Amino acid sequence: MTYRAPINDMLLSLNHGAGLLAAVEAGHYNGYDPEFSAAVIEEAGKFATDVLEPLNQTGDRAGIKLTDKGVITAPGWPDAYKRWCEGGWNAVSGSEDFGGQGLPLAVHSAVNEIWSASNMAFGLCPLLTLSAIDALDAHGSEELKNIYLEKLISGEWPGTMQLTEPQAGTDVGALRTRAEKQPDGTYRLFGSKIFITYGDHDMSDNIVHFILARLPGSPPGSKGITLFLAPKYLVNADGSRGARNDIYASGVEHKLGIHASPTCTMTMGDKGGAIAYLVGKENGGMAAMFTMMNQARLGVGLQGVGIADRAYQRALAYALERKQGKALGSQNTGSD
């Protein structure tokens, strides 16, 4: 069966369960018309049904491939992402100052549920980009915002979140990725990260990595961690794409149900160190990263809702079609 977004249920939950109507009436959204939510969710549902859902099974079977030119996604993936960005779906709640639509985050959350339900492997990419937008907007310098925020909000340049290392899973304070400050105010990163969602792919011409690392002489544990921004390709003064940065996918993982999502091992420093820029303050990385992580946690919760809804739709269709047992007085030879 084909996934269909449960629009009426979602609007009920959004307007009343999540309290969007009450928030609008209280003046929190500058005259936002709640009737617009229905149009947004309906269009998202159409895109999910027509574009994303058909790629879900085929993408999972094809998976991703690590080549000498980087990670190659499943057939149809780059085109679907291009259409998704052109539709403005990454910019739903983005700041209007940087090209976003400025809609309530609750509405953006509703459409994110639809992406996860129709094609979770695809939906993982914007999940991390939305988190990266929050972190940069809250903690980045004006210079970094002016260079990267518009690209992130449009989805032209997706973002990643890089915390985990082989010896430091949930114990983030044990990370060893090293940062060295340069005379020009930039930093060089050396180390590796694992399980990085959409760490490399061919869906965009640049990727904006948000990376936790440790400066020499920093306090031990999580108090000595700093957050950095390191693009896949450096950005020239005129905003054009520059040289390749020293951060590469050196391996890929295979996760059940999301084989089409590039889960990468990332390596920095084989060619002199990845050029990076400070986000927030030195040794203040955990506070900045929690801004990103909290948005990602919301997205993961929505993944659960989306997958549960998709499973319910399929189970209901099967139950309504499957015949079992004999009706009283039936003369049929088979099941009724």
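The values are calculated or read from the model by the stated rules, or taken from the named source; none is laboratory data. Computed from a predicted structure; not experimentally measured. Here the Cβ is made from the backbone with ideal geometry for all residues, glycine too, and neighbour counts use every protein chain on show. Accessible surface areas use protein heavy atoms only, side chains included; no ligands, DNA or RNA. Shrake-Rupley method; radii C 1.70, N 1.55, O 1.52, S 1.80 Å.
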**Q.** Exclusive hit being over 26 Å from Gly239 (Cβ atoms) and assigned to a helix (DSSP H, G or I), set Ala117, Ala132, Ala138
**A.** Ala117
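Count, please, the residues in region 254-286 that happen to be open to solvent by 70 Å² or more (accessible area, probe 1.4 Å) and under 20 Å from the mean Cα position of the chain (by Cα). Before you say what the answer is, go through the steps one by one.
Step one: of region 254-286, the residues open to solvent by 70 Å² or more (accessible area, probe 1.4 Å) are 254-256, 270-271, 281-282.
Imposing the further condition that a residue be under 20 Å from the mean Cα position of the chain (by Cα) reduces the set to 254-256.
Matching residues across region 254-286 total 3.
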Q.
Would you confirm, using the coordinates I've provided, whether Asp246 is surrounded by 11 or more Cβ atoms within 10 Å (Cβ to Cβ) and not aromatic (Phe, Trp, Tyr)?
A. yes
Q: Report yes if Gln331 is open to solvent by 40 Å² or more (accessible area, probe 1.4 Å) and at pLDDT below 95, otherwise no.
A: yes
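Tell me, please, whether a residue that is on the phi > 0 side of the Ramachandran plot and either at pLDDT below 95 or open to solvent by less than 10 Å² (accessible area, probe 1.4 Å) (or both) can be found in region 151-162.
As a first pass, look at region 151-162 and keep what is on the phi > 0 side of the Ramachandran plot: 155.
Pick out the ones that are also either at pLDDT below 95 or open to solvent by less than 10 Å² (accessible area, probe 1.4 Å) (or both) and you get 155.
The answer is yes; a qualifying residue exists.
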Q | Neighbours by Cβ (under 7 Å, 6+ apart or cross-chain): first from region 156-176, under 22 Å from Gln295 (Cα atoms); second open to solvent by 10 Å² or more (accessible area, probe 1.4 Å) and part of a loop (DSSP other than H, G, I, E, B) | A | Glu156/Ser204; Trp157/Ser204; Pro158/Ser204; Glu165/Arg176; Val172/Leu163
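If you check Arg314 against the conditions, is it touching a Lys or Arg at 6+ places or on another chain (Cβ under 8 Å) and touching a residue at least 12 places away in the same chain (Cβ under 8 Å)?
On the way: touching a Lys or Arg at 6+ places or on another chain (Cβ under 8 Å): no; touching a residue at least 12 places away in the same chain (Cβ under 8 Å): yes.
Criteria not met by Arg314.
When you scan region 150-258 for strands (runs of 3 or more DSSP E) that lie fully inside it, which ones turn up with 3 or more residues that are more than 30 Å from His108 (Cβ to Cβ)?
Numbers: elements: 159-162, 178-181, 187-197, 208-213, 226-231, 233-235, 241-244, 247-253.
It comes to 178-181, 187-197, 241-244, 247-253.
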Q: Considering only residues that are within 12 Å of Ile275 (Cα to Cα) and among the hydroxyl-bearing types (Ser, Thr, Tyr), look in region 164-214 and name the one that is most open to solvent (accessible area, probe 1.4 Å).
A: Thr186
